[in-house]
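Worksheet: one structure, shown below.
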Amino acid sequence: MLVGVCDFPGSYVFPPAGYGGIERWLWAVAVGARAAGADVHLLGPGWLTDLEAEWVRKPVRLEDVAAGSQAERGLRDAGYDLLVVGHEYPSLAAWTRTWNELDCDVATFQHSPVFQHTRTAFDGKRSRLYCYSPEMIERYAAHQPIPELAVHLGLNEEEPPAVAGRDLVWLGRIDEEKAPHLATRAAQILGRRIRIVGPVFDEDYVRRHEKLLTADHVEWVGERGGQAKTAALRDASVFVYTYARNYVEAGAAVFGESLRAGTPIAALTWRKGTCAEAALCDRTGAIAVVDPEVDDETAAGTLAEAIEQAQSLDHRQVQVTGQLRFDPARHFEEMAARPC
């Protein structure tokens, strides 16, 4: 099987060093495809040139290809069986025009809870949309979505054997939607230290919650990539997951990243059917489902109880389960197979 993994214009390189959701997912698909025995071409100019020593890199984007051009003939002659692309592109007319000339399948993962696809973007067989959680499946029901847990990888993030770890960790973009202030308050209730890992996306949010986010028990680590990112996850006793009441998590890279490192997760959610419910089980974490009408203090207290519950889990078992559930080769094989 020949697979083309497509980049897109953005502010991050492919694969990114730290934060970057869809970019990390596309790299995981490329790695998983190769591990599953497929031939892989990295399509688009955004892929790191350093990769050319080990990967076939073709700096062409389908949406930029003119009809009847040499570039179009080159893509057609390559004989792709599958293209994997960011979720916006099967609804982009210029991209789909070239794709239709190639006579191959396309697969994508829904990484946005609000993007609107064209009515004909997916047929559930030749063009396939994958969604993480029951609530995302429901949101995109008109496009015949297929349930699947997204896998995300960065360069040099191979996980060493799990350890029990210490303190707590929260990782992600720091803004209102991800709500890390709830994690810091839960840690404060328990008298625990917590490390905040990730880039600041919203300075106003940080200022509004400055008292909690800069308290003595909170350590700001900043954005991390590669081995430093893996170590930040592995060295924690529990990963604390939060998000805002009105936010819908679409892709949730952190679940796979934490579990593969062997760190159990305590997750705060505001309803059933979320990514946390899809990703976790009683061997890998604890979920606090809280009524969105309650105040932050009550929510943080319930999250603190989930942290204590997750604390007792076996890190080695967490890692075994996480590496099976979030295996890149398994993920690729699920996406490469047409539904019966």
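The values are calculated or read from the model by the stated rules, or taken from the named source; none is laboratory data. Just so it is clear, the model here is predicted, and its values are computed rather than measured. When we count neighbours, we look across all protein chains shown, and the Cβ atoms used for this are built from the backbone with ideal geometry, even at glycine.
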* Structure fact -> Of the residues in the stretch 6-58, those that are surrounded by fewer than 17 Cβ atoms within 10 Å (Cβ to Cβ) and of a type in the set (Asp, Glu) come to Asp39, Asp50, Glu52, Glu54
* Please find, among Gly301, Gly262, Gly322, Gly256, the residue that is small (Gly, Ala, Ser) and within 18 Å of Phe109 (Cβ to Cβ). => Gly256
* Evaluate the stretch 301-313: report whether one residue or more is touching a residue at least 60 places away in the same chain (Cβ under 8 Å), acidic (Asp, Glu) and closer than 22 Å to Ala232 by Cβ. => yes
* Asked: Being exposed (fewer than 15 other Cβ atoms within 10 Å of the Cβ), in contact with a strand residue (DSSP E or B) (Cβ under 8 Å, 6 or more places away or on another chain) and more than 30 Å from Trp47 (Cβ to Cβ), is that true of even one residue in the stretch 219-238?
  -> yes
* **Scope the stretch 1-59; condition assigned to a loop (DSSP other than H, G, I, E, B), touching a residue at least 40 places away in the same chain (Cβ under 8 Å) and among the charged types (D, E, K, R); matching residues** => Asp7
* Asked: Asp64 passes all but one of (1) surrounded by fewer than 17 Cβ atoms within 10 Å (Cβ to Cβ); (2) at positive phi; (3) not β-branched (Val, Ile, Thr); which number fails?
  -> (2)
* Filter the stretch 90-110 for residues that are small (Gly, Ala, Ser) and free of Cβ contacts under 8 Å to residues at least 40 places away in the same chain and give the result. => Ser91, Ala93, Ala94
* **Selection from the stretch 167-203 of residues that are in contact with a Phe, Trp or Tyr (Cβ under 6 Å, 6 or more places away or on another chain), touching a residue at least 60 places away in the same chain (Cβ under 8 Å) and either basic (Lys, Arg) or farther than 12 Å from Glu219 by Cα (or both)** => Arg173, Glu176, Glu177, Lys178, Ala179, Pro180, Ala183, Pro199
* Which of the following residues is at pLDDT 95 or above and not assigned by TED's automatic domain parsing to the domain that holds Arg192: Arg330, Arg316? -> Arg330
